[in-house]
Ligand code: GLN
């Protein structure tokens, strides 16, 4: 634990928002005592891990990488984090990310842009960039990210590690700062499928504090060794034939498809919605939900309040001064699509498209066990580049957001230096995703 804390303190990749030395060392001493007394130990006993800075851990700073909550300390602990503590794991760091999860590069943060683990001139990816880079560089054994539209999978792909977005509801969202509640998911980033399985099992299950959570059966070590479970795999033709895809990513993906065929797995090319439809549906709903979720941050109950002549003025100044450009763009956009005169044409259309996307997945999974895709059409951009063009950044999410709208379980497995491979199964079939990841190895 001390070694990890020292390495994190010295790291130059901007992965750290705050370190938890007192907390971690006290728990480490408790573990030592347990072991020397011969007491039973938990499944993750003594393992140092990182937490994206959007999860509550009582008494520690939870800033969401924002100026608004720069001095905010959690009043309680998130359910998923509490379960990890109960299993013996030791949190060492709150990790840098895009503010409130708004972004795909971990540049939208007051703590400095996160540098890519392989090449520090490139972005770490986002929004859970600090978490993926910490795992890749060995600063944490695993980290807990958050994924609303790709924020675990994309940085995992950019940094060459595994990252799982489980089925929506498999892990309680209680204590995760809400971005877009209908697709927000808690998930692990780690260096192996087996570590993902262990951490997933610990965090899963119904929680009375999150009515969308459900009880999931534990995934056994043996079950994910069944490399014959997957018989058919589909991929979206339009993703791979798109003009926007990097040629190397396309070539690598088609090689994987050939290998599957050689191994007698049936491969089917499927039709899907185009990138523009997926991205605009996702951003319409995500902006609407974030405008609503973040309306509570007016400086009254928490956050850096700025006083003004009137209460209304104080709300306005507090929010204008403390939200980032990107967060303000989303709040304004979200309020617009929800407002009278626009909501029928935009928001309701977004909801209808989401249903159509979900139905499309249901049909697909009658024909195939797994859908395979690159995580992104592009390689990680240089730091500074994506901030110049927000629309291009939104479009780079084209391959991840559809699976979020479908609330499906989906895993990034590392592949080459460009991006990762994304393995997706039908709702609640998280086991199948891990089985197929082992088949690919
Ligand atoms: N890049 C996407 C967005 O900005 C996804 C972010 C996330 O999953 N938190 O909305």
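Of the beta bridges in segment 2-223, as assigned by DSSP with both residues counted there, near 65 percent are antiparallel. Result for the chain in a Gaussian network model with C-alpha springs under 10 Å: among 384, 157, 187, the largest mean-square fluctuation is at 384. Treating each Cα of segment 119-230 as one equal point scatterer and applying the Debye formula with no solvent, the log10 of I(q)/I(0) at q = 0.12, 0.20, 0.22 Å⁻¹ comes out as -0.42, -1.05, -1.19.
Given R0 = 22 Å, the distance between the Cβ atoms of residue 312 and residue 340 translates into a calculated FRET efficiency of 0.60. Across q = 0.09, 0.12 Å⁻¹, the chain modelled as identical point scatterers on its alpha-carbon atoms has Debye log10 I(q)/I(0) values of -0.53, -0.96, in the order of the q list. Label segment 379-423 by shape, choosing from rounded, prolate and oblate, from the square roots a ≥ b ≥ c of the eigenvalues of the Cα gyration tensor; if a/c is under 1.5 it is rounded, and otherwise prolate applies when a/b is larger than b/c, oblate when it is not. Taking the square roots of the gyration eigenvalues as a ≥ b ≥ c, segment 379-423 is oblate. With the cut-off at under 18 Å, measuring from each backbone N in segment 80-101 to a point 7 Å along the Cα-to-Cβ line of residue 58 picks out 80-92.
When you restrict to C-alpha pairs under 8 Å that are six or more residues apart and normalise by the size of the chain, the relative contact order lands at 18 percent. DSSP bridge analysis restricted to the chain gives an antiparallel fraction near 65%, rounded to the nearest 5.
Label positions at residue 223 and residue 295, each projected 7 Å from the Cα along the C-beta direction, are separated by 4.1 nm. Over the chain, dividing the summed -39,500 (n - 2.57) contributions of all DSSP H runs of at least 4 residues by the number of residues returns a 222 nm mean residue ellipticity of -12000 deg cm²/dmol.
Segment 1-45 and segment 349-390 have Cα centres lying 37 Å from one another. Computed over segment 1-132, relative contact order equals 28 percent, with contacts defined as Cα pairs under 8 Å that lie 6+ residues apart. Principal axis extents of the C-alpha atoms in segment 1-112 (largest first, rounded to whole Å): 47, 29, 23. Between segment 176-232 and segment 55-70, the C-alpha centres lie 25 angstrom from each other.
With a/c under 1.5 counting as rounded, go ahead and sort segment 175-315 into rounded, prolate or oblate using the C-alpha gyration tensor (a ≥ b ≥ c being the square roots of the eigenvalues; past the cut-off, prolate if a/b is larger than b/c, else oblate). Oblate, because a/c is 1.5 or more while a/b does not exceed b/c. Over segment 203-294, Cα pairs under 8 Å with separation of 6+ residues give a relative contact order of 27 percent.
So, R0 is 41 Å and r is the distance between the beta-carbons of residue 22 and residue 212; what FRET efficiency does that work out to, to 0.05? It comes to 0.75. Residue-normalised convex hull volume from the C-alpha trace of segment 276-385: 163 Å³ per residue.
If R0 is taken as 41 Å, the Cβ-Cβ distance between residue 351 and residue 379 corresponds to a FRET efficiency of 0.75.
Comparing segment 2-223 with the 2.2 N^0.38 Å rule of thumb, its C-alpha radius of gyration ratio is 0.93 (two decimals).
Bear in mind that the values in this text are calculations on the coordinates, not laboratory data. For clarity, every value in this text was computed on a predicted model and none was experimentally measured. Positions of Cβ are backbone-derived with ideal geometry, glycine not excepted, and every protein chain shown enters the neighbour counts.
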